[in-house]
Every structure is written in structure tokens, then in C-alpha cells.
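The values are calculated or read from the model by the stated rules, or taken from the named source; none is laboratory data. In this text the structure is predicted, and so the values were computed from the model without any measurement. Cβ placement follows ideal geometry from the backbone for every residue including glycine, while neighbour counts extend to all protein chains displayed. Areas reflect the complete protein model, heavy atoms only, side chains present, ligands, DNA and RNA absent. Shrake-Rupley method; radii C 1.70, N 1.55, O 1.52, S 1.80 Å.
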Amino acid sequence: MVDRLREATTRSTAARLVHGAGRATVVAYRDDPDRSLHVLAHGLTAADVPVVALPADSLDPSRSCREVRLRIDRHGADPRTRVSVASLHALAHLRIMDEGETRAMSSLGLLPPEVDWPATSGAQVALLCLDRLLLHDQAGVTPMAFAEVVDPPCFPARAQEWLCRDAVEELGAGRIGQILDEVVCGSREGLVGPGHPTPPSMSPVVGQRVLADVDSTGCTWLEVGTASTRTVFVPFDASVRCLEDLQAALGSLAQPAV
């Protein structure tokens, strides 16, 4: 059961990051290994090809192809914290598209909206070719193929993340505390992660339980201690694919475990 929960959550997290969640960077490690390029937006084209938007003139267009390291970081859902709860890593070949190709793909609706918006304002747009991924999350380090995380529908979409956070917080601190206590003591299904040193950035929320993530499989909270912080994952009874499903799943969580 534990392995099944971890696998589902890990796959869901990787899929969301590939589809546009999180904050991405690329490093052209053969040309300039000490320079990390901030990615304005990322996602998948209509043909499921990874695509990124970079600030104008980030890379010399005369060399359109480069070998790069891609990293996508997922930060906790609570706005008081800036802690990374998952990160995806991959080696890829990057090809910068020229302005004509970018305009053509935009006009045909082939770019994801998050990439299309900066593209129309002059950002550099590049396609990525990659095969293998490494996801670092509460389960550890998981290798997977890119093809494994392309097809499943992702929830929540990037634009829905704040709505999901607000919906979960409506459970109230008291009920959330009870739910996590039930998981920790074993009366409710869930996963309790190992403790890790509490980073200084978490000092404002020491002693609290803060929401780290909401996805199609469940909710993850951080139990923040003075010296150690751990994750507590609470699964939903059924996979969530839309906001209406989320409300039903949260209604079930609101009921005491039996």
C-alpha cells in the first residue's frame, strides 16, 4: 500500500512539473556551466514536446542547438515559506526557434498559453528533446521515462493551484491537525516522511503544520519542528481530476476516520 501511494504521488508530481508547474532553469553545461538561465515559462506543445520561454537574447541564436541541464523546482503551497518540496532534473538538447517558427506555432495554437504569452512579447522560445527524468521528492530520487508522465491528465492546472490551496485551508487548522494526527498514529491511511533539518527559511512557521502541496492523489503537509521537519501525506479516497472532485474529497477528509 505504501509503495502504491508513493508511486502515484511521484508520478503525479512529475507530470505536473513537465506540464508547466514549478519554476524552471536551464544550464548550457558545455558552453557556460556556471550560468543558470531563468525560464519565464515552460510546458508542452500540442505535440507533447517540452518547450521553454527565455528572456530575449538569453542565448546566441546563431547556435540554435545546445546540450542543457533542465531543472524544475516545486515550492510549498503556503505563501509564508519558500522551501522546495520537489525538483525534476533532466539532460536535454535545446533548439532555439526563430521568430518565424515561433509566430507560426503561436498562430496555430500549438504553444501552451504560459509560453505563448511571453513569446508574443519577444521572449526566446526553445524546444527540448529529452528522454529520462529524475524526480527528487518526499519518496527520495525516482528515475522515470519522459513518456511515462506525458499522457495522464494533470490536476491541478497551474491556474488552479491557489483555488486548491484555499479549498484545503477551509478544513480549518483544528480538523487538519486531527487528520495529520490520525495518519501519524496509524488510524488513517497515509505516509509520514523522515525528518530533515529545518532550514532557516522555515523559522517563521516552526511548530506549525503548513500545506506543501495538493494534487490528484492527496494533500501533503509539512510538520515544522525546531530542529527537524517532516512531510505527512494524506491520500484522497479516489483520484481527483477537477475542482468539483476536490470538494468531494475534502468533504470526506472532514469526516473522522473510522
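Laid out as a table, the results:
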| item | result |
| --- | --- |
| Count of residues meeting criterion [crowded, with 19+ Cβ neighbours inside 10 Å and under 11 Å from L191 (Cα atoms)] in segment 216-250 | 9 |
| Residues being of a type in the set (D, E) and out of contact with any strand residue (DSSP E or B) (no Cβ under 8 Å at 6 or more places or on another chain) - total across segment 176-220 | 3 |
| Single condition T45 does not satisfy, out of (1) more than 14 Å from the chain's Cα centre (by Cα); (2) touching a residue at least 60 places away in the same chain (Cβ under 8 Å); (3) over 14 Å from L128 (Cα atoms); (4) open to solvent by less than 50 Å² (accessible area, probe 1.4 Å) | (3) |
| Residues that are touching a helix residue (DSSP H, G or I) at 6+ places or on another chain (Cβ under 9 Å), open to solvent by less than 30 Å² (accessible area, probe 1.4 Å) and aliphatic (A, V, I, L, M), drawn from segment 128-158 | L130, L133, L135, M144, V149, V150 |
| Residue match in segment 58-65 (condition: within 27 Å of S201 (Cα to Cα) and not assigned by the TED database to the domain that holds G186) | no |
| Criterion: within 18 Å of M105 (Cα to Cα) and in contact (Cβ under 8 Å) with a residue 24 or more places away in the chain - qualifying residue of S64, S58 | S64 |
| Out of S87, S107, S121, sole residue that is surrounded by 15 or more Cβ atoms within 10 Å (Cβ to Cβ) and assigned by the TED database to the domain that holds H19 | S87 |
| Residue identified as closer than 27 Å to A90 by Cβ and at pLDDT 90 or above among A159, A167, A147, A139 | A147 |
| Hits in segment 113-133 (condition: of a type outside the set (S, T, Y) and in contact with a Ser or Thr (Cβ under 7 Å, 6 or more places away or on another chain)) | D116, A119, Q124, V125 |
| Count - residues of segment 60-80 that are of a type outside the set (D, E) and surrounded by fewer than 21 Cβ atoms within 10 Å (Cβ to Cβ) | 11 |
| Residue within segment 58-67 that is touching a Phe, Trp or Tyr at 6+ places or on another chain (Cβ under 7 Å) and part of a strand (DSSP E or B) present | yes |
